[in-house]
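Worksheet: the structure to be examined is printed underneath.
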């Protein structure tokens with residue numbers, strides 16, 4: 001067997017996973033991971049980040065939704081690593097990608113954005129309204 005991914009939704013999936021493990025050759029790696037963010041969560045986060053970017057000036061700067069995502073990822077206590085740039089004139093952020101967050105971690109990130117927004121009078125729109 002090459003690479004395989006199985007999302008466990010019930011007993012049938014558990015039995016399938018057990019069969020795969022029983023047939024796996026020595027040296028096979030098995031990884032268990034929480035489910036990743038949903039499309040709805042992703043849409044909600046980007047709508048919220050856009051609302052914050054449009055409504056909040058941060059220390060005299062207007063930031064992009066991507067900038068705010070980096071700030072909130074840091075606020076979520078996720079590792080943000082910085083290294084000097086190739087030309088030595090700045091730094092490059094090697095921070096963790098939000099695409100690697102579990103559904104729960106992603107929910108925590110959205111909650112952090114909402115808490116920040118509440119403290120900075122941000123009016124959040126519905127992602128569905130934005131798409132219309």
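Quick note: the coordinates plus some simple rules give every number you see, no bench work behind them. Computed from a predicted model, the values in this text were never measured in an experiment. Positions of Cβ are backbone-derived with ideal geometry, glycine not excepted, and every protein chain shown enters the neighbour counts.
Quick look at the numbers
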{"read-out": "Shape of the chain, Cα gyration tensor, a/c cut at 1.5", "value": "oblate"}
{"read-out": "Span from the the range 91-105 Cα centroid across to the the range 1-61 one, whole angstrom", "value": "12 Å"}
{"read-out": "Degrees separating the helix 39-55 axis from the principal Cα axis of the chain, which is the longest one", "value": "10 degrees"}
{"read-out": "Estimated FRET transfer efficiency (residue 23, residue 77; beta-carbon r; R0 41 Å; 0.05)", "value": "0.55"}
{"read-out": "Helix 65-75 vs. the chain, principal-axis angle (Cα, 0 to 90°, nearest 10)", "value": "70 degrees"}
{"read-out": "Degrees, to the nearest 10: 11-23 long Cα axis against longest axis of the chain", "value": "60 degrees"}
{"read-out": "Inter-probe distance in nm under a simple model that places probes 7 Å from Cα toward Cβ, at residue 121 and residue 61", "value": "2.3 nm"}
{"read-out": "MRE, 222 nm, helices only [DSSP H, n ≥ 4, -39500 (n - 2.57), over the chain, to nearest 500]", "value": "-15000 deg cm²/dmol"}
